[in-house]
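K.L.:
This structure is in structure tokens; I'll ask about it shortly.
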There are 2 protein chains.
Amino acid sequence: MPLRARTLLGPGPSNPYPEAAVALAQPLLGHLDPVFLGILDETSERLRTVFGTANRRTLPLSATGSAGMEASFVNTVGPGDVVVVAVNGLFGERMVDVASRCGAEVVRVDHEWGQPVDAARVLEAHPSPKLIAAVHAETSTGVRSDLEPLAAGKGDALLLADCVTSLGGIPVRLDEWGVDLAYSGSQKCLGVAPGLAPFTISDRAWERRIEKPRSWYLDLGMLGGYAGEAAGSGGRTYHHTAPTGMVVSLHAGLGRLLDEGLEAVHARHAEAGRLLHEGLQEMGLELFAADGHRLPELTTVRVPEGVDSAAVRKELLERYDLEIGGGVGAYAATVWRIGLMGPNAAPDKVALVLAALREVLGR
Amino acid sequence: MPLRARTLLGPGPSNPYPEAAVALAQPLLGHLDPVFLGILDETSERLRTVFGTANRRTLPLSATGSAGMEASFVNTVGPGDVVVVAVNGLFGERMVDVASRCGAEVVRVDHEWGQPVDAARVLEAHPSPKLIAAVHAETSTGVRSDLEPLAAGKGDALLLADCVTSLGGIPVRLDEWGVDLAYSGSQKCLGVAPGLAPFTISDRAWERRIEKPRSWYLDLGMLGGYAGEAAGSGGRTYHHTAPTGMVVSLHAGLGRLLDEGLEAVHARHAEAGRLLHEGLQEMGLELFAADGHRLPELTTVRVPEGVDSAAVRKELLERYDLEIGGGVGAYAATVWRIGLMGPNAAPDKVALVLAALREVLGR
């Protein structure tokens with residue numbers, strides 16, 4: 001079958017940065033090869049820069065972004081621990097599910113989808129939770145929630161942030177804000193194929209972790225013996241076989257991103273998002289996410305009355321090799337999600353998706 | 001830094017089949033793209049062939065082999081369930097740890113390392129376990145244990161087999177033998193980069209699964225909605241973002257393997273292993289694994305008295321770009337592990353490692 005070169009403007013995966021794609025063609029290295037371990041350490045260092053943290057325990061987990069969520073909860077909360085979760089979309093919902101499976105007593109603070117998290121309500125939900133969790137950039141709704149007010153009011157609680165769709169697209173400054181744990185996915189604004197979950201945990205959270213978590217695969221104490229914590233010390237303990245090729249690709253993608261410069265990368269995403277938001281509105285379409293909280297890297301737009309959402313996406317895919325996403329949950333058929341992530345945060349991609357939508361919708 | 005093209009003759013990862021490596025250079029696809037879903041279904045079908053099973057729930061899990069182990073236990077055993085584990089190496093040990101974290105009552109049956117599993121002792125260990133677990137090919141010792149006698153005597157219990165180092169290297173016939181659950185890793189004899197855990201579960205095991213396992217990421221009920229089970233039905237539920245590039249690479253590696261033919265692939269591994277075993281013994285070295293149970297794809301050999309194991313491995317890596325593995329646990333410094341997996345199960349690799357060892361050891 002002929003290969004298809006898709007333009008991936010859905011909620012992720014995005015097309016990777018060329019450097020990340022090329023890196024996958026490099027000869028494979030063993031997971032204990034000193035050359036690979038040097039690349040792994042440098043990858044952790046690059047992740048610290050994009051996360052805005054000095055956390056020594058910063059590493060790429062060997063699974064996709066959702067495993068980052070699971071690692072966060074499974075290592076910090078156990079039966080009876082109180083967890084407050086801000087729910088304003090699918091990934092907040094998922095946090096409730098994951099925390100519940102750890103045996104936590106979950107206090108959920110529901111918000112209308114499309115709206116940002118109301119920090120005051122979240123902070124008032126319980127007097128002394130062990131952990132407060134929120135999604136920085138809700139992939140299901142295209143909404144940014146500010147983490148600073150949550151961090152400012154967290155008191156003795158730990159603060160966990162889902163940065164799957166924010167990292168590498170909009171500013172993330174964990175240490176400055178006061179976030180204790182965060183995770184992301186390689187396949188969104190970091191511009192790498194899916195398969196890794198960048199992860200970081202502060203010393204403060206580390207000291208309160210579960211000593212023997214229910215998950216062996218995501219046991220940070222054991223993982224720390226191989227990566228992250230041990231960086232530079234030379235002492236390594238085998239845990240599992242790291243996906244070496246994927247790590248080398250992440251290393252290259254992060255290198256490209258940092259060569260361009262974090263500020264420039266954020267500005268590029270902001271500008272691409274602005275152009276798309278304007279273009280969609282000029283076409284008479286209505287944006288879904290609350291004004292002032294719209295993500296530049298992931299735009300949600302209402303499907304016009306009488307238009308078959310799936311049929312439009314099918315035509316975009318088949319005629320233009322262009323992927324955009326449908327909505328989620330109650331909005332599955334009434335919202336489209338358009339991503340401009342990593343290398344796709346660029347004027348040509350905005351022009352393409354606007355032109356294609358205009359043609360398909362006849363506007 | 002210049003790239004290093006290593007010959008990976010350790011316990012895995014192995015160098016990938018060229019087809020698997022080339023596939024990583026293909027344009028990335030979205031995880032809901034019909035083209036990708038077709039490839040995913042075909043990958044499951046190919047996995048059925050190499051596993052020797054008709055299990056409809058056969059799929060690549062989005063993490064490395066150890067996550068396959070975790071998925072097996074977390075979906076089948078809970079607090080108080082009795083699990084009998086045959087321990088004859090590191091991965092049997094790991095099974096004990098993973099099962100314990102699920103709350104299981106673990107009955108371990110210890111064997112001397114280097115020896116195969118004694119089925120009679122394992123079957124006598126408990127009158128009515130929920131699950132019996134054993135490692136088909138122990139990566140830590142290079143030993144093959146036959147699964148047939150365990151399956152024949154399992155009674156009402158489920159039988160779980162670790163096929164990480166066996167699949168694609170020696171015959172695996174799960175249905176014929178009567179194995180209920182099995183997992184593998186992409187980076188060994190399947191000849192693909194690390195990052196995926198091929199997994200299969202029988203209907204019999206499925207009916208007795210934990211409805212809501214402790215792990216969200218590895219919840220087979222939810223995963224089945226996206227892959228495996230749904231194959232061909234057209235109905236798909238998003239669970240997590242599959243590592244699409246890795247799946248495409250696994251698909252290609254399996255394609256290569258099946259084009260060559262399972263029997264021919266097994267014969268190639270058997271012949272390469274035989275040549276290596278003979279060559280090492282001709283050099284005066286002593287094999288570690290019990291005679292009659294030696295894996296052709298992973299050979300363990302004793303480090304000669306007075307030889308610094310790590311220094312030899314370092315010289316092989318630096319002078320010959322050749323990776324072999326050290327031992328594990330009590331045998332860390334006294335055993336080497338030499339893999340001949342996937343494309344590396346070939347006479348040129350045998351000749352290389354024998355020649356290099358001869359030179360470095362001065363034999």
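The values are calculated or read from the model by the stated rules, or taken from the named source; none is laboratory data. Everything quoted here is computed from the prediction, not taken from an experiment. Note that each Cβ is placed from the backbone with ideal geometry, even for glycine, and that neighbours are counted across all protein chains shown. Note: accessible area is taken over every heavy atom of the protein model, side chains too, but ligands, DNA and RNA are not part of it. Shrake-Rupley method; radii C 1.70, N 1.55, O 1.52, S 1.80 Å.
K.L.:
For a quick check, take a GNM of chain B with Cα springs below 10 Å and name the residue from B:Glu70, B:Glu263, B:Glu124 with the largest mean-square fluctuation.
P.N.:
B:Glu124
K.L.:
Can you give the average number of partner chain beta-carbon atoms within 10 Å of each beta-carbon in peptide B:314-327, as a whole number?
P.N.:
Numbers: counts 1, 0, 0, 5, 1, 0, 0, 1, 0, 4, 1, 3, 2, 0.
The per-residue average across the peptide is 1.
K.L.:
Same structure, new question: Name the residues of region B:101-115 whose accessible area, probed at 1.4 Å, falls by at least 40 Å² once all protein chains are in place instead of their chain on its own?
P.N.:
SASA drop of 40 Å² or more in region B:101-115: B:Arg101.
K.L.:
Please report the antiparallel percentage of the DSSP beta bridges confined to region A:18-259, to the nearest 5.
P.N.:
Working: 10 of 27 bridges.
So the antiparallel bridges in region A:18-259 amount to around 35 percent.
K.L.:
How much of the DSSP bridge set in the protein assembly as shown is antiparallel, in percent, rounded to the nearest 5?
P.N.:
On the way: 39 of 77 bridges.
About 50 percent, rounded to the nearest 5.
K.L.:
Give me the distance between the Cα centres of region A:306-349 and region A:127-180, rounded to whole Å.
P.N.:
What the calculation gives is 27 Å, centre to centre.
K.L.:
In Å², what does the accessible area per residue of the protein assembly as shown work out to with a 1.4 Å probe?
P.N.:
Details: 24120 Å² over 726 residues.
On a per-residue basis, 33 Å².
K.L.:
Among the lysines, which fall within straight-line cross-link reach of B:Lys212, defined as a Cα-Cα distance under 27 Å, with same-chain neighbours fewer than 8 residues apart omitted?
P.N.:
Qualifying lysines at Cα under 27 Å: A:Lys130, A:Lys212, B:Lys130, B:Lys154.
K.L.:
Under a Cβ-Cβ cut-off of 12 Å, what is the net charge of the residues other than B:Gly339 that fall near it, where Lys and Arg count +1 and Asp and Glu count -1? Don't skip to the end; give the middle numbers.
P.N.:
Numbers: positive: B:Lys188, B:Arg337, B:Lys349; negative: B:Glu297, B:Glu323.
Net charge in that neighbourhood comes out at +1.
K.L.:
Please give the calculated 222 nm ellipticity per residue for chain B, where each DSSP H segment of at least 4 residues contributes -39500 (n - 2.57) and the sum is spread over every residue; nearest 500 deg cm²/dmol? Intermediate results must be reported in sequence, preceding the final value.
P.N.:
Values: 13 runs with 136 residues, N = 363.
My calculation for chain B gives -11000 deg cm²/dmol from helical runs alone.
K.L.:
How many percent of the accessible area of region A:18-259 is carbon or sulfur, using a 1.4 Å probe?
P.N.:
Details: 3530 of 6940 Å².
Of all accessible area on region A:18-259, carbon and sulfur atoms account for 51 percent.
K.L.:
To the nearest whole number, what is the average tally of beta carbon atoms from other chains within 10 Å of the beta carbons of peptide B:207-218? It would help to have the intermediate numbers written out before the result.
P.N.:
Numbers: counts 0, 0, 0, 0, 0, 3, 1, 8, 10, 14, 15, 6.
Mean number of neighbouring Cβ atoms from other chains: 5.
K.L.:
Between B:Glu124 and B:Glu260, what is the FRET efficiency for a Förster distance of 45 Å, r being their Cβ-Cβ separation, to the nearest 0.05?
P.N.:
Details: r = 41 Å, r/R0 = 0.91.
Efficiency, rounded to the nearest 0.05: 0.65.
K.L.:
Let me ask something additional. Is region A:234-363 rounded, prolate or oblate when judged by the Cα gyration tensor, a ≥ b ≥ c being the square roots of its eigenvalues, rounded requiring a/c under 1.5 and prolate requiring a/b larger than b/c?
P.N.:
On the way: a/c = 2.30, a/b = 1.82, b/c = 1.27.
Taking the square roots of the gyration eigenvalues as a ≥ b ≥ c, region A:234-363 is prolate.
K.L.:
As a test of the definition: with a 1.4 Å probe, what buried accessible area, both sides summed, do you compute for A against B, in Å² to the nearest 100? Each step should come with its number before you reach the end.
P.N.:
Details: alone 14270 and 14290 Å², together 24120 Å².
Interface between A and B: roughly 4400 Å².
K.L.:
Less than 15 Å Cβ to Cβ from B:Ala355, Lys/Arg counted +1 and Asp/Glu -1: what total charge do the surrounding residues give?
P.N.:
Numbers: positive: B:Arg319, B:Lys349, B:Arg358, B:Arg363; negative: B:Glu278, B:Glu282, B:Glu315, B:Asp321, B:Asp348, B:Glu359.
So the surrounding residues net to -2.
K.L.:
Sticking with this structure for a sec: With all protein chains present, how much of the accessible area of region A:314-363 (probe radius 1.4 Å) comes from carbon and sulfur, to the nearest whole percent?
P.N.:
54 percent
K.L.:
Which lysines have a Cα lying under 23 Å from the Cα of A:Lys349, excluding residues fewer than 8 positions away in the same chain?
P.N.:
A:Lys188, A:Lys314
K.L.:
Show me the helices of chain B, taken as full DSSP H stretches, that run 18 Å or more along their long axis by Cα and average 1.0 or above in Kyte-Doolittle hydropathy. Each step should come with its number before you reach the end.
P.N.:
On the way: long enough: B:34-51 (25 Å, 0.34); B:244-260 (24 Å, 0.58); B:262-282 (30 Å, -0.49); B:347-361 (21 Å, 1.08).
Result, helices passing both filters: B:347-361.
K.L.:
Hey, could you grab the Kirkwood Rh for the protein assembly as shown? Inverse mean 1/r over distinct alpha carbon pairs, Å, one decimal.
P.N.:
Here the Kirkwood hydrodynamic radius works out to 26.1 Å.
K.L.:
What ³J(HN,Hα) values, in whole Hz, does the Karplus curve 6.51 cos²θ - 1.76 cosθ + 1.60 give for region A:128-143 when θ = phi - 60°, with x put for Gly and Pro?
P.N.:
Rounded to whole hertz, the list is 8, x, 6, 9, 10, 10, 8, 9, 5, 10, 6, 5, 7, 10, x, 10.
K.L.:
I would also like to ask the following. Rounded to the nearest 0.05, what FRET efficiency do B:Asp97 and A:Arg236 have when you use their Cβ-Cβ distance and R0 = 25 Å?
P.N.:
Details: r = 19 Å, r/R0 = 0.78.
Efficiency at R0 = 25 Å is approximately 0.80.
K.L.:
What does the C-alpha gyration tensor say about the overall shape of chain A? Classify as rounded when a/c is under 1.5, otherwise prolate if a/b is larger than b/c, or oblate. Could you put the intermediate results ahead of the total?
P.N.:
Details: a/c = 1.97, a/b = 1.25, b/c = 1.58.
Judged from the Cα gyration tensor, chain A comes out oblate (a/c at least 1.5, b/c at or above a/b).
K.L.:
Near B:Ser62, within a Cβ-to-Cβ distance under 14 Å, what is the net charge of the other residues, with Lys and Arg +1 and Asp and Glu -1?
P.N.:
Neighbourhood net charge equals -3.
K.L.:
List the distances, in nm to one decimal, from the label point of B:Val307 to the label points of the same position in every other copy, shortest first, placing each label point 7 Å from Cα along the Cα-to-Cβ direction.
P.N.:
7.0
K.L.:
Measuring label to label, 7 Å along Cα→Cβ, what does B:Asp259 give against each other copy in nm, shortest first?
P.N.:
3.4
K.L.:
Under the rule of at least 5 residues apart or a separate chain, name every residue whose amide H is placed under 5 Å from the amide H of B:Thr7.
P.N.:
Hits under the 5 Å cutoff: B:Leu322, B:Glu323.
K.L.:
How crowded by other chains is B:186-198, given as the mean number of beta carbons from other chains within 10 Å of each beta carbon?
P.N.:
Mean shielding count: 4.
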